[in-house]
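**Student:** Sharing a structure below in structure tokens format, with a few things to ask.
The values are calculated or read from the model by the stated rules, or taken from the named source; none is laboratory data. Given the structure is predicted, the values throughout are model-derived calculations rather than measurements. Because the Cβ atoms are built from the backbone with ideal geometry, glycine has one as well, and the counts that use them run over all protein chains shown. The protein model used for the area step is the full one, side chains on, heavy atoms only, and it has no ligands, DNA or RNA in it. Shrake-Rupley method; radii C 1.70, N 1.55, O 1.52, S 1.80 Å.
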Amino acid sequence: MPVRPTDSDSLCGLDAVELAGLVRRRELSARELVSAHLDRIERVNPALNAIVTLDAEGALEAAGHADELAASGAELGPLHGLPIAFKDTHLTRGMRTTHGSPLFAEHVPDEDELLVERVQGAGAIRIGKTNVPEFAAGSHTFNPVFGATRNPYDRARSAGGSSGGAAAALAARLTPIADGSDMGGSLRNPASFCNVVGLRTTPGRVPSLPTNDLWETLGVAGPMGRTVADVALLLSAMAGPDPRCPQSLETPGSVFRAPLERDLKGLRVAYAPDLGGRVHVDPEVREIVARQVKVFEAAGAHVVEDCPDLDGAEDVFLTLRAQAFRTGLGPLLESSREQLKPSLIWNIEEGIKLTSADLARARTEHTRIHLAAAGFFERYDVLIAPVSQVLPFDVDMEYPTVIDGQPQHSYLDWMRSAYLLTVLGAPALSVPAGFTGRGSGGCPPGKHSTDTELPVGLQIVGPPRAERDVLEIGAAYEAATGHGRRAPSLP
């Protein structure tokens, strides 16, 4: 049995799987666990701005009820006693959900969305909300309501986005698990920037309600954690069918709770360092990702440089994304234009410009790419590639404007390494791949320490619905490297 830590920081540093086991065996109370995390949040969060709404009193009360339930001998959920702060785009009954927008700064929903309902139903204890970009638009977390979230490994840098608050909270040991969402890299990029793990799920694996588009395939919800096993544990509570969601997959979430036991011998791996020449990648990122090929080969995998057919994926993603923004936020453009950030207005207006011919072309091309990818994954078990094209950048920048000497013309361009793979409809795991050397770039002179070493993530992508395989492979890779064990230097 693990030795129970005696101080709150050591307790907060344990993996979620281990903490859940301690609580389940009643070697640790939920109240002790929540109290330890609240203490760390009080000391560490002000420097990061990861958690933007906190309900300490409510969390302690819920923890007390959780301990009473455990004492009664009742069956406990897989997340029993684990504290969680939900992403501030996910509706939480009785707790404000701002979407990072002044329009919703004081909005308090009267219902939980399905994901929140499931996670709390599995025993997790809500302590607050994590920061997001305005309406989750973009992969850098800042908004006019709460400001920017800072990277725990270098507070002068971005934590990524849109699940940047979630990733920063995990890295800083403020929470043991976190929920995220991902359209063009919104949980993968922050996982990479903050040296944690995030899983973009197959559409339908984690059904979403309420929604105004049950047929959405780009935006999905997914789990985040500090280890692959922790991500699998959270997925077990998030996943599963819902009769109201026609795309939801029938597989019960419980299948993800079994141990992730697998080796990499004989694994067929495609390696795409720049997605077939389609993206520019920072040289330090490229070098670190290239080293991971040797990790797979040393474990007995067969690695070949290859990439799925992504021709047309750019147009598919940008078209369907624009349509999603028009559907979801179009009415706000008419009623509250002056309170929306310029990039958000641009997103919605791009959707308004779309014609039926544009949408038909995107759907047809999306189908072709998906079918071609099915053939690709008959030849390979997984694809590995960079998560992000850049290192964590200056927190005061809106987005990187140059990558390896190549200009980036919009706030979306630097996210191609994530969003082109979104179009495949495949599970994509962001897992820590290592750190840069000291004095790495990404911030203007004087903005960062020359001692900075920055995290880089590896993206492990499998065929649609293959979350279990991707998690097993990710866990084996994680065990071979141990990069995720490196915590940031914080108070």
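**Student:** Counting only helical runs of four or more DSSP H residues, what would the 222 nm mean residue ellipticity of the chain come to if each run contributes -39,500 (n - 2.57) and the total is spread over all its residues?
**Tutor:** Counting only the DSSP helices, I get -11500 deg cm²/dmol.
**Student:** Give the label of the value calculated from the structure for Rg/Rh (Cα atoms, Kirkwood Rh), choosing from (1) 0.98; (2) 0.94; (3) 1.01.
**Tutor:** From the options (1) 0.98; (2) 0.94; (3) 1.01, the structure gives (2).
**Student:** Turning to a different aspect of this structure: In nanometres, what is the gap between the two model label sites at ALA487 and GLU117, each 7 Å from Cα along Cα-to-Cβ?
**Tutor:** Taking the simple label geometry, ALA487 and GLU117 are separated by 3.7 nm.
**Student:** If you don't mind, there's one more thing I want to ask. Listed highest first by mean packing, meaning other Cβ atoms within 10 Å per residue, what order do 186-198, 85-97, 209-221, 280-292 come in? It would help to have the intermediate numbers written out before the result.
**Tutor:** Working: 186-198: 33.5, 85-97: 23.0, 209-221: 15.8, 280-292: 19.2.
Averaged packing, sorted descending, gives the order 186-198, 85-97, 280-292, 209-221.
**Student:** Also, quick follow-up: Counting DSSP beta bridges with both partners in the chain, what percentage is antiparallel, nearest 5?
**Tutor:** 75
**Student:** What does the extension gain come out to for GLU75 and THR251, with contour length at 0.36 nm per residue minus their alpha carbon separation? Could the numbers behind the result be given before it?
**Tutor:** Details: separation 176, 0.36 × 176 = 63.36 nm, distance 2.20 nm.
Gain on stretching GLU75 to THR251: 61.2 nm.
**Student:** So, in the chain, how many Lys pairs have Cα atoms under 28 Å apart, if the pair is 8 or more places apart or on different chains?
**Tutor:** Here the count comes out as 6.
**Student:** Got a sec to turn the phi values of segment 158-170 into Karplus ³J(HN,Hα) couplings, 6.51 cos²θ - 1.76 cosθ + 1.60 with θ = phi - 60°, whole Hz, x for Gly and Pro?
**Tutor:** 6, 8, x, x, 7, 8, x, x, 5, 5, 5, 4, 5
**Student:** Give, rounded to the nearest 20 debye, the magnitude of the charge dipole that segment 254-357 has about its Cα centre when Lys and Arg contribute +1 at Cβ and Asp and Glu contribute -1 at Cβ.
**Tutor:** 380
**Student:** Okay, next question. Only four residue types carry charge here, +1 at the Cβ of Lys and Arg and -1 at the Cβ of Asp and Glu. Report the dipole size of segment 451-491 about the Cα centre in Debye, rounded to the nearest 20. Numbers along the way, then the final one.
**Tutor:** Values: 4 positive and 6 negative charges, 20 e Å.
Here segment 451-491 has a charge dipole of around 100 debye.
**Student:** Taking +1 at the Cβ of each Lys and Arg and -1 at the Cβ of each Asp and Glu, which of GLY375, ALA357, TRP346 sits farthest along the dipole of segment 332-379 towards its positive end, judged by Cα position relative to the Cα centre?
**Tutor:** GLY375
**Student:** Using label points projected 7 Å from each Cα along Cα→Cβ, tell me how many nm separate LEU209 and VAL304, to one decimal.
**Tutor:** Those two pseudo-labels are separated by 4.4 nm.
**Student:** Quick one: length gained pulling ARG26 to ASP7 fully straight, 0.36 nm per residue minus the C-alpha distance? Display every interim value, and only then the final one.
**Tutor:** On the way: separation 19, 0.36 × 19 = 6.84 nm, distance 1.75 nm.
My answer for the length gained is 5.1 nm.
**Student:** Further question on the same structure: Any idea of the accessible area per residue across the chain, 1.4 Å probe, to the nearest Å²?
**Tutor:** Value returned for the chain: 37 Å² of accessible area per residue.
**Student:** Okay, moving on. How would you order 304-311, 474-481 from highest to lowest mean count of nearby Cβ atoms within 10 Å?
**Tutor:** 474-481, 304-311
**Student:** Would you kindly state how much longer the chain becomes between ARG278 and LEU371 on full extension, computed as 0.36 nm times their sequence separation minus their alpha carbon distance, in nm to one decimal?
**Tutor:** Working: separation 93, 0.36 × 93 = 33.48 nm, distance 1.98 nm.
Here the answer is 31.5 nm.
**Student:** Pop out the carbon and sulfur fraction of the accessible area of the chain as a percent, whole number, probe 1.4 Å.
**Tutor:** Details: 9150 of 18100 Å².
Carbon plus sulfur share of accessible area: 51 percent.
**Student:** Would you mind putting 111-121, 239-249, 453-463 in packing order, based on average other-beta-carbon counts within 10 Å, highest first?
**Tutor:** Taking the mean over residues of other Cβ atoms within 10 Å, the ranking is 453-463, 111-121, 239-249.
**Student:** In debye, nearest 20: dipole of segment 150-298 around its Cα centre with unit charges on the Cβ of K, R (+) and D, E (-)?
**Tutor:** Values: 17 positive and 15 negative charges, 65 e Å.
Rounded to the nearest 20 debye, it is 320 debye.
**Student:** Rounded to the nearest 0.05, what FRET efficiency do LEU359 and ASP242 give with R0 = 30 Å and r taken as the Cβ-Cβ distance? Could you check? Working shown, then result.
**Tutor:** Working: r = 27 Å, r/R0 = 0.89.
FRET efficiency, LEU359 to ASP242: 0.65.
**Student:** Under a Cβ-Cβ cut-off of 9 Å, what is the net charge of the residues other than GLU350 that fall near it, where Lys and Arg count +1 and Asp and Glu count -1?
**Tutor:** On the way: positive: ARG321, ARG326, LYS353; negative: GLU349.
Value of the local net charge: +2.
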